[in-house]
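Presented below is the structure to which this report refers.
Here, each number is a calculation from the coordinates, and none is a lab measurement. Being a predicted model, the structure only gives us computed values, none of them experimental. No Cβ is skipped: glycine too gets one built from the backbone with ideal geometry, and neighbour counts run over all protein chains shown.
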Amino acid sequence: MALSNGHAFGILRDDNEWHHEIQETSQWATVTQMHKLFATLLLFCEISDPLKLWESHSEFLCEDILFRKRNLFNHPNLILTQKQIHNYCFEIGRENQLKILKAYLSLTLKTLST
């Protein structure tokens, strides 16, 4: 695969390190931990193509959604479309981003006040 001049000189970055991080972490982390990792990457890392990163790993990131919704709705035979599963997974991602951002801001404010 040929690199563009920008990539060859290290000026432009790709997301390979983030893909690698998600793949490596998925070997031992729970889905909940993976949601938090993904949210952290989105908030604090320079990701050039977040949608591609999501699409590449959405199957693992959304793995437990059907189970969660079946329990939440007390409906063991609940069937969701792939789009519904992804939408629920996005909701969890937004919630995790907010939690992580609040924790980060709280820590930053405590550090600044000391």
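In plain terms, the residue of Phe73, Phe60 with the fewest other Cβ atoms within 10 Å comes first and the most crowded comes last, giving Phe73, Phe60. The calculated 222 nm mean residue ellipticity attributable to helices in the chain amounts to -22500 deg cm²/dmol, summing -39500 (n - 2.57) over DSSP H runs of n ≥ 4 and dividing by all residues. Taken about its Cα centre, the range 31-113 carries a charge dipole of roughly 360 debye when the Cβ of each Lys and Arg holds +1 and the Cβ of each Asp and Glu holds -1.
The mean sequence distance of close C-alpha pairs (under 8 Å, at least 6 residues apart), as a share of the length of the chain, puts its relative contact order at 28 percent. A cysteine counts as unpartnered when no other cysteine's C-beta lies under 4.7 Å of its own; in the chain this applies to Cys45. Using a Gaussian network for the chain with springs between C-alpha atoms less than 10 Å apart, which of these wobbles most: Ser26, Ser58, Ser48? Greatest mean-square fluctuation among the candidates belongs to Ser48.
Applying 0.36 nm per residue to the separation of Phe44 and Arg70 and subtracting their alpha-carbon distance, the gain on full extension is 6.1 nm.
Just the ratio, please: alpha-carbon radius of gyration of the chain over 2.2 N^0.38 Å, N its number of residues.
Against the empirical 2.2 N^0.38 Å value, I get 1.30 for the chain.
In the chain, the longest principal axis of the Cα atoms and the axis of helix 50-61 are about 40 degrees apart.
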